[in-house]
Amino acid sequence: MLGASLMVVVHLFVIQVSVVKGTSMEPCLHDGDRLVVDRVSYNLADVSRGDVVILRYPRNPEVDFVKRVVALPGDHVSMVDGLLMVNGEAADDYGCIPDHQALHETAVPPGQFFVLGDNRPVSCDSRDFGLVDEALLKGRVRARFWPLANLAVF
């Protein structure tokens with residue numbers, strides 16, 4: 001009984017296992033990948049540019065999305081000819097699949113984040129649903145544990 005209670009507490013407050021659904025994070029993550037999500041670190045430290053996160057979809061908070069944080073509060077983000085620009089500098093060093101959709105410069109206000117999928121042409125992300133409030137971030141992806149052949153730590 002104690003063991004089961006401990007597992008429930010750990011799952012609710014410390015770590016979560018998530019399953020990737022869809023192709024929006026390829027080539028980094030693939031449909032069906034199993035992830036370990038750290039639910040505590042953002043209570044202790046700030047979100048960083050480049051973090052892969054699990055977030056509640058802003059249009060339906062019952063649904064979780066996995067995306068990459070590309071711009072932080074105070075940043076200015078845009079896309080020019082498929083290239084992500086943050087604060088006037090190229091910022092596409094994540095191994096993404098580029099999308100040539102233009103994005104006019106957006107200022108990220110306090111408490112908000114700009115997220116993108118790595119597979120930009122198929123991703124539903126901040127270009128579609130807008131900035132993500134900090135309260136919608138569930139946690140940071142720390143590892144992929146399945147399939148075993150693709151084991152990785154982030």
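In table form, for the structure just shown:
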{"quantity": "Translational diffusion coefficient (Stokes-Einstein; Kirkwood radius from C-alpha pairs) of the chain at 10 °C, 1.306 mPa s, in µm²/s", "calculated": "99 µm²/s"}
{"quantity": "Residue-wise HN-Hα coupling along segment 119-130, computed from phi with Karplus coefficients 6.51, -1.76, 1.60 (Hz; x: Gly, Pro)", "calculated": "9, 4, x, 10, 7, 8, 8, 4, 5, 9, 9, x"}
{"quantity": "Derived scalar couplings ³J(HN,Hα) [segment 84-99; Karplus, 6.51 cos²θ - 1.76 cosθ + 1.60; whole Hz; x for Gly, Pro]", "calculated": "6, 10, 10, 6, x, 10, 4, 9, 9, 10, 9, x, 7, 9, x, 10"}
{"quantity": "Computed lengthening from Leu83 to Ile97, 0.36 nm per intervening residue step minus Cα-Cα distance", "calculated": "4.0 nm"}
{"quantity": "Where only C-alpha atoms are counted, convex hull volume of segment 44-88 per residue in Å³", "calculated": "110 Å³"}
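No lab work stands behind these numbers, since they all come straight from the coordinates. Here the structure is a predicted model, which is why all the values come from computation and not from measurement.
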